[in-house]
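Following: one structure in C-alpha cells, then a few remarks.
We did not get these values from a lab; they are worked out from the coordinates using the rules stated. All of these numbers come straight from a predicted model, not from anything done at the bench. Every residue, glycine as well, gets a Cβ built from its backbone with ideal geometry; the counts of neighbours run over all protein chains shown.
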C-alpha cells in the first residue's frame, strides 16, 4: 500500500530527528563540558522546532486522515495509524514558537538545576522553574482538559490518567500502606550498616556490568555511562543507553540503579526494530515502562532468589566488607523499610509516600495554589506529614530530582503505577513460568525475559496500558497485587503476624 | 541592520544542525555500540538532507543576493556575506537526494572500513568504496572544474588548490627531500627502542591530559576521548572535542596525537563565539587548520625546548622505562627519520612521501586511471617506489586511514600544506615573540598561544589562506621555510655537514 509506505517514511524521518535529540540529551548529561551548555540548549531548541514542524506537516495530516478511514490496513497498521493520528492532532495544538521556547527553557532549567543542586541553593533554580511552570500552565490550556489543568499533563505520560482516579488511588495507598509501615516500624529492625562501608568505585561499576549482562541487556546494542541522575535513553532498539551513578559509601545506589535502568533498557531493546518510528515500535506509556524497571529492580532484584544467585559474586568483589555478612543479613539489610529523604534510595514500600508528596505539589503548582518560591517549605511540611522526616538541605529535599528541571510535570505518578503494574505482572509471570524462582536462583534470567518479551515488549503500542494489563493478566490494574506482594514479603522479613 | 540579522539567524540555525551532525559523528566514533550503526547512518542521512535543504533555501539566497550588494555592511559583515554567498551558490549545485545518498554511503563505508581494517581485508571495504568513488566523480561533475575532476574536490578542502600547483609542489618536495632523506639514511642512526617498551595505558592517558593542559586546551570547553583514529570535532567554540588512541607498546602514538589534536582544538576554541555559524566563526581552510596542529605537534612538540620542559614529568610517570634514557637520547629517538608504513606514525620528513602516494591515488581514482579493486597493488607499488617499504597486511597499507571511508578525497594534500604553513608561521612566531624558546623550555606556552590567537584564530575566515599567510608572515606560502627548518634541525640530530 503506497499511502501506508509514505506515512511510514515520514514517521521514520521524524523519528530520526527525535532520536537525534535524544543523542544531544544523552551527551548533555554524560560527557558535555560545562561551557558547551548554552549553544547545546540552542541546538536542542532548533532541532525540537524542526521536529515539531515535521510532525504537524500538512501532507502528513492529510495522509493520516485518509489512512484512518482506509479499509485496506491490517490490524497492526490500523493501530499505528490510529495512534499517529491522535499524536498528530495533539501536536497540532502546539505552535513551533512554543515548542522552541519550551525546549530552550528546559535546557536552561536543567543547567540551573545542576548548579542549584550542587550548591544546594533553591534560589538558583527558582527563577528558571517559575518560567517552566508558567509554560506548563500555558501548555495545559493549549491542550485542553476536563476538570483540572494537571490532567492535560498527566495524560501525556500515562494516557487516561487523571486527578480523580489518582486521588482515589493515593488515598487507598495511604490508608493501606501507612498502617503497614507502622507495623514494620514497631518490629525489630535490621541493620544495613554494611552497605555504607567503603566500596571501590571501579569494582562497583564492574559488578553493575555483571548484573546487566546476567539480565541479558545487550551491550552490542547499548552501553552504560555515568550521570548525576541515572536514566535510560534510546536512539533505536539497537542503541539503548543506560546510565548509573556510583557512590563510594553507598553500595545500594549503584546496584539498584543498574537493575532499574537495565529493566528500562530491556524493554527498549525488546521493541521491534521493524516498527522504527511507528507507535508499534514505542513503549505503551511511562507507567508500563516503569513496570519493567520496577519488576527487575524490586520483584526480582530485591528478592531472595536473586541474591542466592549473586551474593557470592558480590562477596568476591568485596570480601573485606562482606565476609561476615550472611546472605540472610544481606537480604534483610537491603530490604529495610524506613522513611527517608531521598526518593531514589527509598525502599519499595515508603517509596510511594515520596510520589504522593510530588503528586500533591504538582497538582498545586498547576492549579496555582502554591508558587515556586514556596516549594522548599511546602516540600518539607509534606515530608514531615507523610514520612516524618524533613530535609536540612535543598539538595536532599526539593532539588533532589531531575524531572522538574526537564519540565516533566505529571511524570512522577507513573512511578507508583509502574510498581503496581510490576507486582501484578510478576504475580502472573511466577504463575506461568515453570520454576521461575529456581531459574532466578541459578542466575538464569532468560525465562523471565522471554516471557516479558513475548507478553509485553514485542507489542509496542499495539495495546493501551489498560488493554495490555488485561492481555497479560486477564484483569485490570489492581492494587491488591502490590499490597499482597508487600505484605507477604515484609511479614517474613520483619516477622510480623 | 534587519537583513543582516535575519541572515545571521538563518546561518545560526544551519549551524545548529551541522554541529548536531558533528555530535552524531563524534558519538559514532567514540561510544556508539556496534548494532547502532544502521539506524545511526539513517539518522545522519536524514539530518544531512534537512541541513542541505536549509542551506539552499530560496529566502536565504535572496537575502544573500541583496546583502551582497549592500553598502551598509562593515568589513567583517561584508566578508561573512561574501563567503556565505559563495557557499550558497556551491550548495545549490547539490540535490537533496545526492546529499542524503552521500551521507548514507559515507556511514556504511565507514562501518565497512572499521570491519575491513580490523580483519585486514580490503575486500570488505572495496564494494562500499567503489560506490563512494562513483559518487565523488559525480560530485566533481556537479560542481564543475577546469582541467582535472580532482580540482573540484581539492577546492572543497583548500579553496584555490589544484592539480597543476600541487604537481609542482610535490615535485619540489620530492626533489629536495629525497636527497636529504638519503643523507640521513647514510648517517649514524639513533635508537627509539625505549618508545616500544610497555607503557601503562592509564598513565599514558594522564600524561596526555597534562600536555593538553599545558597547551591551555580548555577542558571546560572540551574533552578528550578514545577512538580508533584520533580526530578533533567541534560543536561550538565552547565545546570542542579531541580524541586520541593509546597503544601499550608505542609511547609516541599517544603523545603526538594528543599534541596534534590539541593544536586543532586550540584553533577551534580560539574562534570567536560571537560569530557562531558565520564564516568569521569558522577555520580558514583545512591547510590552515593543519598548520595549527602541525605547529604544535612538530615545530613545538618534537623540539628540544619542549622536552626540556616535559621530559622529567614523563620520566616521573615511567621511571622504570626511561630512567636510563637521557634527554638527548630521548630527543634523538623521537626524531628518527626513517621510511615506514604508517602515515600517522611517520616522522615529519618522510611523512610527505605518504601524502604523495595518496595524492597520486586520488588523482588516478578521479580521472579513472585506476579502479578501487586494484588499490592494494597500486598502494604497495608506490610505497616501494617512494619509501622503499611495502605492507604485508592491508590494515597497515591501503586501509590504514579513515579519510576515504568518510568520502574525504582531496583532503590529504592539506596535510603537507599544513606542515609548510606551520614552518613558515613558526619561523615568524620565533622572530616576533621575545624569548619564545625560553618560554617553551619553562613549559609556558601562553606567549605562543596568544600570538596564534591574535594572528590567526580570532579572524576565522576573515582572510583567505593566501591572504592570512601574507598577513601573518608578509609573504606567500614558501616551501623554503619547511626545508630550512628540516635541514637545520636534522643536520644537528644526524650530525650532517
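Things to note:
- Classification of the range A:157-233 by its C-alpha gyration tensor yields an oblate form. The axis ratio a/c (a ≥ b ≥ c) is 1.5 or more, and b/c is at least a/b.
- Principal-axis tilt of helix A:480-493 within chain A, Cα atoms, nearest 10 degrees: 20
- Cut-off 18 Å (backbone N to label point 7 Å along Cα→Cβ of residue A:324), residues of the range A:191-209: A:191-199
- For the protein assembly as shown, the 222 nm mean residue ellipticity estimated from helices alone, with every DSSP H stretch of n ≥ 4 adding -39500 (n - 2.57) and the total spread over all residues, rounds to -20500 deg cm²/dmol.
- A simple spin-label model places pseudo-atoms 7 Å from Cα toward Cβ; at residue A:175 and residue A:433 they are separated by 3.5 nm.
- Annotation: the antiparallel percentage among DSSP beta bridges lying fully within the protein assembly as shown is about 45.
- Cα shape, the range A:2-144, gyration tensor, a/c 1.5 rule: prolate
- Cα-projected label distance for residue B:225 with residue B:165, points at 7 Å along beta-carbon direction, nm: 3.6
- Averaged over the residues of peptide A:19-25, the number of Cβ atoms from other protein chains lying within 10 Å of each residue's Cβ is 5.
- Remark: mean inter-chain Cβ contacts per residue of A:28-38 equal 6, using a 10 Å Cβ-Cβ cutoff to other protein chain atoms.
- Remark: the Cα gyration tensor places the range A:344-413 in the rounded category, a/c being less than 1.5.
- Placing one equal scatterer on every Cα of the protein assembly as shown and applying the Debye formula, the log10 ratio I(q)/I(0) at q = 0.09 Å⁻¹ is -1.09.
- Test item: A:10-17 mean partner chain Cβ contacts at 10 Å: 4
- Computed over chain B: relative contact order in percent, which uses C-alpha pairs under 8 Å that are six or more apart: 19
- Cα convex hull of the range B:379-497, projected area averaged across orientations, nm²: 10.9
- Ordering of A:336-349, B:368-381 by packing [mean C-beta count within 10 Å, highest first]: A:336-349, B:368-381
- Spatial offset of the range B:381-395 relative to the range A:242-280 amounts to 48 Å, using the alpha carbon center of each.
- Computed FRET value (nearest 0.05) for residue A:187 with residue A:22, which takes r as the C-beta separation and R₀ as 60 Å: 0.85
- Each peptide in B:456-469, A:62-75 receives the mean, over its residues, of other Cβ atoms within 10 Å, and ordering these scores from highest gives B:456-469, A:62-75.
- Rounded Å value of the spacing that divides the Cα centres of the range B:1-41 and the range B:428-486: 31
- Protection proxy ranking, peptides A:291-299, A:269-277, average beta carbon neighbours within 10 Å, highest first: A:291-299, A:269-277
- Gap separating the Cα centres of the range B:189-215 and the range B:223-240, nearest whole Å: 20
- Helix A:2-30 and the long axis of chain A differ in direction by around 50°, with both axes built from C-alpha atoms.
- Helix B:304-317 and the longest principal axis of the Cα set of chain B meet at an angle near 80°.
- Of the beta bridges in the range A:163-493, as assigned by DSSP with both residues counted there, near 45 percent are antiparallel.
- The convex hull drawn around the Cα atoms of chain A, when projected onto a plane and averaged over every direction, covers 22.6 nm².
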